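Any read-out appearing in this document is the output of simple, stated calculations on the displayed coordinates, not a laboratory observation. It should be emphasised that the depicted structure is a prediction, and the values quoted were computed from it without experimental measurement. Here Cβ is always computed from backbone atoms with ideal geometry, including for glycine, and neighbour counts include all displayed protein chains.
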Amino acid sequence: MKYSLYYAGVNRSDIESEKALGFNMVRKHIKVERQRWYYWADKLGILVWQDMPSCNSYTGNPSPPAVDPLDYIAELTAMVTNHWNSPAIIMWDNFNEGQGEAGSGNGVGQTNTAYLVQLTRTVDPSRLVNQASGGSYFGVGDVLDEHSYPNPGVPASSSQAVVCGEYGGVALFITNHTWSSTETGEGSANSLADLMSQYEGFCSQLSGFINNNGLSAAVYTQITDVETELNGLKTYDRKVLKPDLYFMQLAAASLLEQYSNAVIVPTSQTTGQGWKYTFTAPAANWYATGFNDSAWTNGVGGFGTTFTPAIVVNTTWNTADIWLRRTFNPGSLTPQQITNLVFNAFHDEDCEIYINGVLAGSASGYVSAYGQLTMNAAGQAAIVPNASNEFAVHCHQTSGGQGIDVGIGLITIIVPPPPIYVPNWLENGAGLTAEYFSDTNLSSNAFIRTDTNVDFHWGNASPGGSLPGHHFSVRWTGKIQPRYSEGYTFHLTTTDGCRLWVDGQLLIDKWYDDANGADKTGSIALTGGQQYGLTIEYYDNTNPAVASLEWDSASQTREVVPQGVLFPANTPPMLAAIPNASLVAGQTLLVTNNATDADVPAQTLAWSLLNPPAGANINSTNGLLTWRPAIAQSPSTNLISVSVTDNGTPPLSVTRSFNVVVLPPSAPTFNAPAVIAGKFQSMINGSLGPDYSIYTTTNLFGDWRLLLTTNPAAMPFLFDDLDATSFQQRYYRVLIGP
């Protein structure tokens with residue numbers, strides 16, 4: 001990559017990634033950074049071991065040029081004085097792995113180690129001084145620093161702090177994310193699971209060194225791939241984090257636990273253990289229980305070559321493969337203890353371990369010390385307590401030293417590690433509202449949809465609909481919900497123009513054509529679980545279209561902002577137009593309202609009336625409006641306003657108004673009154689809708705008595721006075737209401 005293209009963002013992002021992965025210290029390996037890097041180390045809070053750049057560092061030149069002693073002293077002094085104001089730096093490393101010694105016949109380099117340690121201490125007495133990370137050692141300085149690959153190691157000293165200045169270096173190739181197709185590294189992994197398994201084993205070893213050997217620090221190689229070195233935890237372009245982030249955090253926290261390791265099945269480190277073995281490929285079921293291994297050779301572990309360091313070799317193995325079998329009785333084990341079993345093993349190189357015919361563990365590459373390997377759940381389940389069990393092991397060798405030795409240990413945690421904070425906010429977002437435009441200035445709307453996130457590599461293709469490639473624009477709107485309460489750095493990578501607002505703050509403003517697709521960054525402090533407004537604008541003008549939004553923070557590594565933390569913009573509901581109406585007082589107005597809401601997930605709508613006339617009501621759930629105006633409300637013209645509100649954040653409403661004309665009803669009349677069989681009856685006519693109340697009295701000056709209230713379904717309607725049989729005279733009147 002072009003370093004300048006990534007530099008400003010990489011300074012902060014790399015440190016945030018290191019902290020997110022569980023590391024609290026960086027060794028700046030034979031390199032001095034620009035001041036911006038140390039600013040972020042100070043501000044974000046990470047410890048730094050600062051190396052002096054090496055003389056003649058692995059140049060491959062058999063006769064490297066001589067090192068000027070005065071220049072070396074001057075540059076070492078300048079490095080210290082230029083950076084001694086950075087509180088993140090806690091130690092100066094004068095040398096790395098003896099580099100500077102070759103071609104230094106004029107007296108500098110490792111040949112003058114004691115003098116240079118004292119010089120560094122005199123210039124800056126406030127910090128520790130490391131004589132040499134990885135050697136050569138002359139008994140000076142504050143630490144004894146060993147390099148060990150791939151497994152960590154621990155030196156021994158009674159006067160210096162013991163540290164492992166380099167370990168790990170497990171290479172894993174990630175397609176399309178490399179500087180070169182050549183794979184290198186101190187070890188190798190054949191999958192992400194293998195990488196994490198190896199790292200877990202390293203942490204188990206470190207925990208033992210901390211508990212048993214006083215190990216004070218260890219430095220993993222390395223945070224990212226570097227050109228042809230593919231042993232980074234992140235890829236060269238920093239687009240892919242190889243191991244699982246939460247797994248790494250748990251592994252780092254495990255170093256703080258205190259535990260005991262009881263031997264269940266011993267290795268041959270102390271006492272040689274008997275095995276059956278063969279160098280000739282056996283039958284396919286060689287690992288099965290009951291397999292006949294009587295033709296195999298008896299031997300004592302460990303197996304390997306005597307020049308292979310760190311393994312106790314009792315039987316020579318110098319062929320490409322070895323197969324081993326033995327029986328063991330693990331004794332009495334509780335179910336809980338079985339789940340805490342691990343392999344204690346040395347392997348150089350790839351190995352597979354079976355228990356009772358079940359593949360219980362495996363590892364690739366080689367180690368430089370005995371360590372722990374994870375026993376999988378199937379292997380643990382296969383173990384039978386207080387009974388004879390069968391071990392079967394295969395190891396494959398390609399070059400160099402070789403060796404294999406395996407046992408079983410029981411891990412008992414005495415002091416558990418601190419818990420890892422896991423955000424408990426629901427990540428149920430649906431993405432962002434995306435408005436696509438057929439021009440480059442966000443004015444000619446083409447279509448609207450919900451995009452799950454912003455990670456598009458359209459190239460020359462259309463982004464959707466009928467839009468052409470190379471000439472369109474997009475506005476994404478919605479909300480973003482961070483996981484942690486801390487500073488976040490946003491990365492917006494686009495060809496051509498882009499802008500980013502978070503919580504109303506313009507963080508990124510690159511509104512110009514850009515064929516190179518520069519990665520622009522902006523930072524802001526956010527509170528975990530709270531939703532913030534998010535707006536992204538992008539246009540493409542002739543260049544292959546790319547738009548990607550990523551983020552990182554001290555607690556999470558860089559990644560494409562996922563769908564779960566993105567919530568579409570809350571758009572207001574759409575309320576259908578309501579036609580004007582006219583009715584007679586006493587009649588009932590029924591209006592069925594219709595509204596839709598395009599938000600995802602679907603939102604709940606609530607209906608209401610704004611300053612309604614007396615008696616008007618609306619069902620808050622389904623929007624059905626009812627109103628029966630009283631006679632006193634006629635004649636009149638009434639403006640009724642209907643509002644519908646969604647339950648988004650914030651709630652949004654839309655209102656529609658319409659006119660209702662209330663007409664006065666006609667006066668009621670008696671038509672064709674008659675007395676039939678001594679009873680009074682009459683047709684009553686008037687307007688349909690009002691209630692009709694009929695009263696009677698025998699004396700115009702007496703009390704009127706209500707005979708009937710009705711709301712006839714049709715007009716006119718027949719009225720019968722069923723009580724009028726013995727009155728000489730009787731009066732009637734009709735009132736309408738309400």
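Give me the angle, in degrees from 0 to 90, between the Cα long axis of helix 35-44 and the longest principal axis of the Cα atoms of the chain, rounded to the nearest 10.
Computed tilt is about 60 degrees.
With label points built 7 Å along Cα→Cβ from the Cα atoms of SER86 and SER636, find their separation and express it in nm.
Roughly 7.9 nm, to one decimal.
How high is the relative contact order of region 259-356, in percent, with contacts defined as C-alpha pairs under 8 Å that are six or more residues apart?
Contact order relative to length: 31 percent.
What is the calculated FRET efficiency for SER294 to ASN213, with r their C-beta to C-beta distance and R₀ = 45 Å, to the nearest 0.05?
Taking R0 as 45 Å, the efficiency between SER294 and ASN213 is 0.55.
Which ordering of GLU559, GLU97 is given by a fewest-first count of other beta-carbon atoms within 10 Å?
By the 10 Å Cβ count, ascending, the order reads GLU559, GLU97.
What FRET efficiency comes out for the pair ASN424/ALA598, r = Cβ-Cβ distance, R0 = 30 Å, nearest 0.05?
Once rounded, the FRET efficiency stands at 0.50.
Beyond 15 Å, what percent of the Cα pairs of region 286-377 remain?
So the pairs more than 15 Å apart make up 67 percent of the total in region 286-377.
With +1 on the Cβ of every Lys and Arg and -1 on the Cβ of every Asp and Glu, and nothing else charged, how large is the dipole of the chain about its Cα centre, in debye rounded to the nearest 20?
Computed charge dipole of the chain: roughly 2460 debye.
What are the semi-axes of the equivalent ellipsoid of region 602-652, taken as the square roots of 5 times the eigenvalues of the Cα gyration tensor, listed largest first and rounded to whole Å?
28, 10, 6
Rounded, prolate or oblate: which fits region 512-642, taking a ≥ b ≥ c as square roots of the Cα gyration tensor eigenvalues, rounded meaning a/c under 1.5, else prolate when a/b beats b/c?
In terms of gyration-tensor shape, prolate.
Using Cβ counts within 10 Å as a stand-in for footprinting exposure, how do PHE567, PHE291 rank, fewest first?
PHE291, PHE567
Can you spot the aspartates and glutamates whose alpha carbon is less than 20 Å from LYS679's alpha carbon? Ignore those fewer than 8 places along the same chain.
Output for LYS679: ASP720, ASP721, ASP723.
Can you give the translational diffusion coefficient of region 258-340 in µm²/s, computed by Stokes-Einstein from the Kirkwood radius over Cα pairs at 20 °C and 1.002 mPa s?
Translational D for this selection: 144 µm²/s.
Under a no-solvent Debye model with one identical scatterer per Cα of region 669-737, what's log10 I(q)/I(0) at q = 0.14, 0.15, 0.18 Å⁻¹?
Evaluating at q = 0.14, 0.15, 0.18 Å⁻¹ gives log10 I(q)/I(0) of -0.41, -0.47, -0.68.
Per the Debye formula with a single identical scatterer at each Cα and no solvent contribution, what log10 I(q)/I(0) holds for region 460-564 at q = 0.09, 0.15, 0.22, 0.24 Å⁻¹?
Results for region 460-564 at q = 0.09, 0.15, 0.22, 0.24 Å⁻¹ read -0.23, -0.62, -1.14, -1.29.
What is the distance in Å between the Cα centres of region 521-571 and region 486-518?
If you average the Cα positions of each part, the centres end up 9 Å apart.
Using the Karplus equation 6.51 cos²θ - 1.76 cosθ + 1.60 (θ = phi - 60°), what ³J(HN,Hα) coupling, rounded to whole Hz, does each residue of region 167-179 give in order, writing x for Gly and Pro?
Result, ordered by residue: 7, x, x, 7, 8, 9, 7, 10, 4, 6, 9, 10, 6 Hz.
May I ask you to list the lysines whose Cα is less than 18 Å away from that of LYS19, ignoring any residue fewer than eight positions away on the same chain?
Qualifying lysines at Cα under 18 Å: LYS28, LYS43, LYS234, LYS239, LYS242.
Count the DSSP beta bridges whose two residues both fall in the chain, then state the antiparallel fraction as a percent rounded to the nearest 5.
80
Please say if region 143-253 is rounded, prolate or oblate, where rounded means a/c under 1.5 for a ≥ b ≥ c the square roots of the C-alpha gyration tensor eigenvalues, and otherwise the choice is prolate for a/b larger than b/c and oblate otherwise?
Verdict is prolate for region 143-253.
Quick check: from the Cα gyration tensor, does region 260-415 come out rounded (a/c under 1.5), prolate or oblate?
Cα axes put region 260-415 in the oblate bin.
Tell me what the chain gives for mean residue ellipticity at 222 nm when only DSSP H runs of n ≥ 4 count, each as -39,500 (n - 2.57), the sum divided by the residue total, rounded to 500 deg cm²/dmol.
Calculated at 222 nm, the ellipticity per residue is -4000 deg cm²/dmol.
Three principal axis extents, largest first, for the C-alpha atoms of region 558-603, in Å?
In descending order, the Cα extents are 69, 13, 9 Å.
Using the Karplus curve 6.51 cos²θ - 1.76 cosθ + 1.60 with θ = phi - 60°, work out ³J(HN,Hα) for each residue of region 664-679 in order, rounded to whole Hz, and write x for Gly and Pro.
Working through the residues one at a time gives x, x, 6, 5, x, 9, 8, 10, 6, x, 7, 10, 10, 6, x, 10 Hz.
Determine the dipole magnitude for region 260-415: charges of +1 sit on the beta-carbon of Lys and Arg, -1 on that of Asp and Glu, nothing else is charged, the reference point is the Cα centre, and the result goes in debye to the nearest 20.
300
Positive end of the charge dipole of the chain (Lys, Arg +1 and Asp, Glu -1 on Cβ, about the Cα centre): tell me which of THR316, ASN699, LEU195 has its Cα farthest that way.
Value: ASN699.
Measure nothing fancy, just the Cα-based angle from helix 113-123's long axis to the longest principal axis of the chain, in degrees from 0 to 90, nearest 10.
Long axis of 113-123 versus the principal axis of the chain: about 40 degrees.
If R₀ is 25 angstrom, what is the calculated FRET efficiency for the pair SER136 and GLU75, using the beta carbon separation as r and rounding to 0.05?
0.80
Direction-averaged shadow area of the convex hull around the Cα atoms of region 191-287, nm²?
Value for region 191-287: 10.4 nm².
Provide the descending list of Cα extents for the chain along its principal axes, expressed in whole angstroms.
142, 68, 49
Apply the Debye scattering formula to region 582-738, with a single equal point scatterer on each alpha-carbon and no solvent, then give log10 I(q)/I(0) at q = 0.11, 0.20, 0.21 Å⁻¹.
These q points yield log10 I(q)/I(0) values of -0.60, -1.16, -1.23.
Quick one: Kirkwood hydrodynamic radius for region 582-627, alpha-carbon pairs, angstrom, one decimal?
Final number for the Kirkwood radius of region 582-627 is 12.2 Å.
Could you give the dipole magnitude of region 143-253 about its Cα centre, charging the beta-carbon of Lys and Arg +1 and that of Asp and Glu -1, in debye to the nearest 20?
The dipole magnitude comes to about 260 debye.
So for region 432-568, averaging the separation of alpha carbon pairs under 8 Å that are six or more residues apart and normalising by length, what relative contact order in percent results?
Dividing the mean separation by the residue count of region 432-568 yields 33 percent.
Find how much the distance from PHE658 to THR339 grows on full extension, using 0.36 nm per residue of separation minus their present alpha carbon separation; answer in nm with one decimal.
107.6 nm
Given the Cα-Cα distance of ALA515 and LYS239 and 0.36 nm per residue of separation, how much length would full extension add, in nm?
Here the answer is 97.4 nm.
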